[in-house]
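Asker: Here it is, the structure in full.
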Amino acid sequence: MDDKEKILKDISEDRKKLFRINEEIEGLDKKVSFWKIFLFPLAISFIILLLVGQMGLSDGQKIGIFIITFALALILLTRRSRKIISQEKEILIEKRKNIQHEIFEKTKLLKEED
């Protein structure tokens, strides 16, 4: 009986780990804040605008460069964030598979002892 209790306790701990990993996977999409994605491209665009302002371009050209720089920076940062989140998800999913396999093996061991 002592072995069964130990195995059941291990299975319970593994299920808690599995639950935490599932919560982390669900929380990854909410991890990147809007302000973090928005403010960084905005700052880059302002810096480029200040540099371009020294070149003597017209106001319309400056605004165009600002908008294009902002859009490009926003696209690049969004893709980078998605890639990082995707990699983190893959790691967590692999951990989840390993824990599920451990639970399965422990369950088989528990049935064998019966």
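Asker: Residue under question is Ile99, and the condition is that it be touching an Asp or Glu at 6+ places or on another chain (Cβ under 8 Å), closer than 30 Å to Glu113 by Cβ and assigned to a helix (DSSP H, G or I); does it hold? Full working, then the answer.
Answerer: On the way: touching an Asp or Glu at 6+ places or on another chain (Cβ under 8 Å): yes; closer than 30 Å to Glu113 by Cβ: yes; assigned to a helix (DSSP H, G or I): yes.
Here the answer is yes, as Ile99 does meet what is asked.
Asker: Of the residues Lys9, Lys4, Lys30, which is of a type in the set (Lys, Arg) and either open to solvent by less than 90 Å² (accessible area, probe 1.4 Å) or touching a Ser or Thr at 6+ places or on another chain (Cβ under 8 Å) (or both)? Outline the logic, then answer.
Answerer: On the way: Lys9 fails: either open to solvent by less than 90 Å² (accessible area, probe 1.4 Å) or touching a Ser or Thr at 6+ places or on another chain (Cβ under 8 Å) (or both); Lys30 fails: either open to solvent by less than 90 Å² (accessible area, probe 1.4 Å) or touching a Ser or Thr at 6+ places or on another chain (Cβ under 8 Å) (or both).
Answer to the selection: Lys4.
Asker: Could you tell me whether any residue of segment 21-42 is at positive phi and not hydrophobic (A, V, I, L, M, F, W, C)?
Answerer: Pass one, segment 21-42, residues at positive phi: none.
The answer is no; no qualifying residue exists.
Asker: Have a look at Leu39, Leu77, Leu57, Leu49 and point out the one that is among the aliphatic types (A, V, I, L, M), over 30 Å from Glu112 (Cα atoms), at pLDDT below 90 and open to solvent by less than 100 Å² (accessible area, probe 1.4 Å).
Answerer: Working: Leu39 fails: at pLDDT below 90; Leu77 fails: at pLDDT below 90; Leu49 fails: at pLDDT below 90.
From the options Leu39, Leu77, Leu57, Leu49, the qualifying one is Leu57.
Asker: Tell me the residue from Glu23, Glu90, Glu112 that is open to solvent by 100 Å² or more (accessible area, probe 1.4 Å), within 30 Å of Glu5 (Cβ to Cβ) and in a helix (DSSP H, G or I), please. Break it down into steps so the answer makes sense when it comes.
Answerer: On the way: Glu23 fails: open to solvent by 100 Å² or more (accessible area, probe 1.4 Å); Glu90 fails: within 30 Å of Glu5 (Cβ to Cβ).
None of the other options fit; the residue is Glu112.
Asker: So the check is Cβ under 9 Å with 6+ separation or different chains; which pairs have a first residue in segment 37-58 that's under 15 Å from Leu72 (Cβ atoms) and touching a residue at least 24 places away in the same chain (Cβ under 8 Å) and a second one that's surrounded by 15 or more Cβ atoms within 10 Å (Cβ to Cβ) and not aliphatic (A, V, I, L, M)?
Answerer: Pro41/Thr69; Pro41/Phe70; Leu42/Phe70; Ile44/Thr69; Ile44/Phe70; Ser45/Phe66; Ser45/Thr69; Ser45/Phe70
Asker: Name the residue, out of Lys106, Lys83, Lys95, that is at pLDDT below 90 and within 29 Å of Ile21 (Cα to Cα).
Answerer: Values: Lys83 fails: at pLDDT below 90; Lys95 fails: at pLDDT below 90.
Criteria check complete, one pass: Lys106.
The values are calculated or read from the model by the stated rules, or taken from the named source; none is laboratory data. These numbers were taken from a predicted model, which means no experiment stands behind them. So basically every Cβ, Gly included, is an ideal-geometry build from the backbone, and we count neighbours across all protein chains shown. All accessible areas refer to the heavy atoms of the entire protein, side chains included, with ligands and DNA or RNA removed. Shrake-Rupley method; radii C 1.70, N 1.55, O 1.52, S 1.80 Å.
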